[in-house]
Each structure stands twice: as C-alpha cells, then as structure tokens.
2 protein chains.
Amino acid sequence: MNGAIGERDLIRRISVILGGLENDDCAVIDAGERYLVASTDMLHQKTDFPDIMNPWQMGWMAVAVNLSDIAAMGAEPAGVLIAAGLPPEADQYFIDELFSGFGDCAALYGTRILGGDTDSHLELTITGTSLGFVEKELILRRRGARAGDLLCTTGSLGAAGGGLWAWQNGAKSELITSLLEPEPRLKEARALAKSGSVTAMMDNSDGLALSLSDLSEVSGVGFLVYQDKLPLAPGLVEMVGQENAIDMALSAGGDYELVFTLRSSGLEAARRACDLTVIGEVVEEGIWMERAGKRRQIERLGYEHRIGL
Amino acid sequence: MNGAIGERDLIRRISVILGGLENDDCAVIDAGERYLVASTDMLHQKTDFPDIMNPWQMGWMAVAVNLSDIAAMGAEPAGVLIAAGLPPEADQYFIDELFSGFGDCAALYGTRILGGDTDSHLELTITGTSLGFVEKELILRRRGARAGDLLCTTGSLGAAGGGLWAWQNGAKSELITSLLEPEPRLKEARALAKSGSVTAMMDNSDGLALSLSDLSEVSGVGFLVYQDKLPLAPGLVEMVGQENAIDMALSAGGDYELVFTLRSSGLEAARRACDLTVIGEVVEEGIWMERAGKRRQIERLGYEHRIGL
C-alpha cells in the first residue's frame, strides 16, 4: 500500500487478521446477567490536545471521550483505567492537574479511576479504558436501524468544530469550552435505553457524516437528513456562516453527542427520556441531505486519523 | 520535585489525588456473582521493545504482559483491548505481523482481541488492556500473606535478565526467547487459586525484589529468601556466573512468573496444582536472603520506569 490510509480502512484490515471485530463504540462481553462493555482510546499531545488546553482539561478529555463510548451502548460506567506516558517536561503541577482532570471527570459522571499504568514518553500519551455494565435487554448497538425510523441527535452539532475555528481565528466563543471540555451523554443515553424506543445508537465523535456512514454500513440502511433541522451549536452560524456551520456539523470531530434512530411510535417516550432533535429519517439506501425539496449526497467526510503505511 | 522519581513513588502521589487506588496487579470491580478484573499497560518502542524484537513478538508481548496481570489475580481472561499508536515507518508487513502477534497470544491463552483504537504516533506505542473474571471466593490479592506462610514461585527466575545480557553481549542463549516471548502463567494461577492454599500473589514482572517489597508493604509482613533454593533459569549461572545470576533473579525485569505465599498446610495441594518452588518463608518484617546461615537484606531494586518531574 502506498501512502497513508484512514483509520477505518486500517480497522477493516486488522479485523480480518484478528478473525473479526464487532463494529460498536465498545466491545461487548457476556458477564452473566448483564453485558460488560469496554472501550479504549489513545490520545496524544500532537493530535488530540489543542495548544490552549490546560493539563486539567487534557485529563478531563481523556476520560470524557471514553465515557462517551460507554454512553453510546446505553451502559452505566463501572470505572476507568488510565495509562499515562508522561513527557520529560511534565512537572509536578502538570501531573497533579492532569490526574485531577481524570478524577474530576470520572466523579462527575458517577464513576472513578480504578488504576492504570504510568510511563515516561517522548510525547504526552494517554490511553483511557472505560468499563461499564448494561442489562442485556437494554444494550444499544450500531445495528438495528430500519427504514422508516426517525434519525435523532442529542444536544447541538458543530460545537467542537466551531470552538476549533474560534481558537484558530482568535475569536471569543463559548464553543471553545465545548471543544476542550466535552460532556459525555451518559444520563441521556441511559434514559434513552430505558425508553425502549431506540433501534441503533453511536456517538458522533468523528462528525455526523462518519457516524451516519458507520450506522449505514452496520445496519444496512440509508439516511435522509433535513438540513434545516440540524441543531447547529449556539452562535455557530453567526461566527462562520450557514455553509461552514453545516460543514462543521457534518465533518468536524470533537462533538460527543448521541446519534440514534427511533421507531417512530417511540418518539414521545424518547422525548420524555431526554432533549433530542429529530434531524431526519432512515431510508433504504444512500446518505442524503435535503433542503427546500432538493437532495444532495452527504460525503463520507469526517475526522479520521491518517496512518502511514 | 527535582529530578526523576520512580514509578512507585509517582503512583503513591497519584493515588492521593484520586482518593486512593488499590494496590494489586488488576483493578477489581464487583460484577455480581464474580469479580471483573482489569489491567492496562502501556509499552513503547524505546523502553519496552529490544531492537532484536520482530513485530510479531511486539504484539505477543503487549498481550502477554497484560494477561500476566489477569493470571496474578487467579482470574480467567475475558478479552484484551489494544490501542496502537503506529509510527510513520510502520509498513503493511509490520502491521500485519504486529496484529498477528496480538491475536496469536490471545488465542493461545484461550481469549481474544475484543477491539481497540488505532492512531498514528511518533513512536510505536501499544496500550493493552486485559479483562478477566474470577469467582469471588477464589480471587488472589497482594494482601493476605502471614508470617509462617511459605514463599513460592512458578518456573524459573532471571530468564529475561539473562536473555537481555545474552543479546547485549552477542551470546547465543535460549533465554533470549524468554525475554522476547514471555509466557503468562494463566493455567498455573487458576489451578493455584482453586487449590485454596494461596494467601497472596502477584507477578514478578519488575523482578523478585520489587515483588517482595510490594507484597511486604500490602500484607504488612517480611520475607526470608533461601538463596540456594532460587530456581535460576537454565544456563544462566554458566553464562553470567552465580552472583550475576542471583542479581538478575532479584532485580531484572521481564520475567512473568507468579510469586505467591502458601499456608504451609497447603503445600501438597499447591504442588498438585502446578510446578512450583518453595524459595523462602514469610516472616514478621524485613526482606532477607539467607545462605549458609548468613542473612543479608535484599535491597528494593528492580525495574522501575523513571519519570521526569
């Protein structure tokens, strides 16, 4: 292979070597009456931590992104493991703040840091692993969406992309905080799982377009997104204009909302579970966006690590 | 703080920030009828993979060291997650071999790679996270050793240290394979757990001296080691001499044997469980080695990452 390949293509290759991998936000293990779900994410300075991030925020983010994967399965968190490779320049203040960030994020979401590993490293590298449990009848997966279901999201879209833009362009914006301190949707996810209305779910951490592509592949369906229904992050359109705001909602990584499908009869129950926005519907095939009666295809663009091969 | 501090001191500091961490090879989580145990280890090119290692062996090692932590709790493995940060020079062959190493090691020990994360990284960095389950009445911890118990080990000691020496000195030795392809003692650990004779256990991955120090601290006891009973790795004394061989057994990292204590009435049952060597006894305090009636203190030396602060 020449040149870099995307993370998703690499994962397909690896899956063949390993005899098949499930395609969900977490691995799923039978734990008797419940499923154990587990997810691991490696973050490092250069790619994942914008220069403006303070060490507490780095710690927060490392835990938050892992808890978001637990949320996406409808699970309750049972703890987080942290492996931290600390660079030579990490001083006492840095380490104290970093580990306080880990602990504070875990505590806010009702869980804790169980342990881990520390190491010295050229570049700050943090691998968080989150564990959770979910009742077997409540687990939510990426597969299960059916044509006719409603497509929904929690919260707003494009906040992290807008935050990155604001920071890079020297603009003041509350979206910068959204970028630096993401909030995993654990409470919303549990309530949605208990509502019994959700047919498929994942988080949109790599952008809505890639999430729809992943859901589409696993569920064997397509999506139609109503452009005017996208809940763009507050202040985003005013800052970057309508077109860029839509692009950020679709393709910028760093939002940690839940993207999910509902059987249409379940909309009321889901609305009682949490605030949500219906942004489209599940169709037979293709991934489309519609505005004023016109449809265009949504390209499979989003945040992917490029890996040299 | 000035200068580097050792990993164990850093962990004490972190433990305070996080409100206390258990001091076992794995984190322990209540999973209903059983305990879930989980461990994470970050390995990277510079520190953990000798230059002679091939990519398959890197994969093998990343899984093996994590499974050794599952073994040390008396647990059955339930799966391994891998986060792999791949450097730009990693080509198709390298990646295929690396992931085959992950999968082959997991399969040999009756488990599998559940999933994970891939990323690009300046330096090859692999964080493995192993999960396991153990019946509540069978779990083995570092605490529990009592004065009068027997001190034992599986297998032989100093193999990895000898392998490193052989490689660095251009000597031919089968110990190089022990260094590069460690074998976690899962089968032995399960059988020992079921024997009901073990009072405390951990692996000796950082050398026997540090293991004894850790067990001593957690159990509130001391140890007396009989120097002549140490099962030095085959060929080690011939290669490096008696004194160096003892030093390697005590202080070189990279062995993955089980170090454990037995109630003395349980020796027969433990011997039926697996091959073991009684290397000493649990005493009230201090960590000592005895030879020909003379005792000397064992220094708390072993493999510790030094982390810049």
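Bear in mind these aren't lab numbers, they're just calculated from the coordinates by the rules spelled out. None of these values were measured; they are calculated from a predicted model. Because the Cβ atoms are built from the backbone with ideal geometry, glycine has one as well, and the counts that use them run over all protein chains shown.
Observations on the structure shown:
- According to the Kirkwood relation over distinct C-alpha pairs, the hydrodynamic radius of region B:150-308 is 15.8 Å.
- Counting neighbouring beta carbons within 10 Å and listing from fewest to most, the residues A:TRP60, A:TRP165, A:TRP288 come out as A:TRP288, A:TRP165, A:TRP60.
- Convex hull (Cα only) mean projected area of region B:31-75, reported in nm² to one decimal: 3.7
- Translational D in µm²/s for region B:4-135 (Stokes-Einstein at 10 °C, 1.306 mPa s, Kirkwood Rh from C-alpha pairs): 102
- Equivalent ellipsoid semi-axes, region A:64-154, via Cα gyration tensor eigenvalues times 5, rooted, Å: 33, 14, 11
- Neighbouring partner chain Cβ atoms per residue of B:131-142, average, 10 Å criterion: 1
- Counting only DSSP H runs of at least 4 residues, each contributing -39500 (n - 2.57), and dividing by the residue count of the protein assembly as shown, the helix-based mean residue ellipticity at 222 nm comes to -10500 deg cm²/dmol.
- Coarse-grained scattering of region A:103-153 at q = 0.22 Å⁻¹, given as base-10 log I(q)/I(0) from a Debye sum over alpha-carbon atoms: -0.99
- Position B:PRO87, label points 7 Å along Cα→Cβ, spacing to each other copy in nm (shortest first, one decimal): 1.7
- Ranking A:ALA159, A:SER265, A:ILE298 by how far each Cα lies toward the positive end of the dipole of the protein assembly as shown (charges on Cβ) leaves A:SER265 at the top.
- Looking at chain B, the pairs of alpha carbons with a distance over 26 Å make up 46% of the total.
- Label-reachable residues, region A:146-190, where backbone N falls under 16 Å from a point 7 Å from A:GLU284's Cα toward its Cβ: A:146-149
- Note on the protein assembly as shown: dipole from Cβ charges, positive end direction compared against A:VAL16, A:LEU131, B:GLN92; the farthest Cα belongs to A:LEU131.
- Projecting 7 Å from Cα along the Cα-to-Cβ direction, the label point of B:GLN168 sits 4.7 nm from its equivalents in the other copies, listed shortest first.
- Basic side chains Lys and Arg get +1 at the Cβ, acidic Asp and Glu get -1 at the Cβ, and with that the dipole of region B:106-205 about its Cα centre reaches some 480 debye.
- Evaluated over the Cα positions of region A:73-113, the convex hull gives a direction-averaged projected area, one quarter of its surface, of 3.4 nm².
- From least to most packed, judged by other beta carbons within 10 angstrom and beginning with the fewest, B:ILE70, A:ILE14 follow the order A:ILE14, B:ILE70.
- Neighbours of B:SER178, meaning other residues whose beta-carbon lies under 15 angstrom from its beta-carbon, give a summed charge of -4 when Lys and Arg score +1 and Asp and Glu score -1.
- Largest to smallest principal axis extent of the C-alpha atoms in region A:176-264, angstrom: 38, 28, 20
- About the centre of its Cα atoms, the protein assembly as shown shows a dipole size close to 1160 debye [charges on the beta carbon of Lys, Arg (+1) and Asp, Glu (-1) only; nearest 20 debye].
- Between copies, the label points of B:ALA107, set 7 Å from Cα on the Cα→Cβ line, lie 4.6 nm apart, reported in increasing order to one decimal in nanometres.
- The mean number of partner chain beta-carbon atoms within 10 angstrom of a residue's beta-carbon across peptide A:91-103 is 3.
- Three-way shape label, region A:240-280, alpha-carbon gyration tensor, a/c 1.5: prolate
- Alpha carbon convex hull of the protein assembly as shown, projected area averaged over orientations, nm²: 28.2
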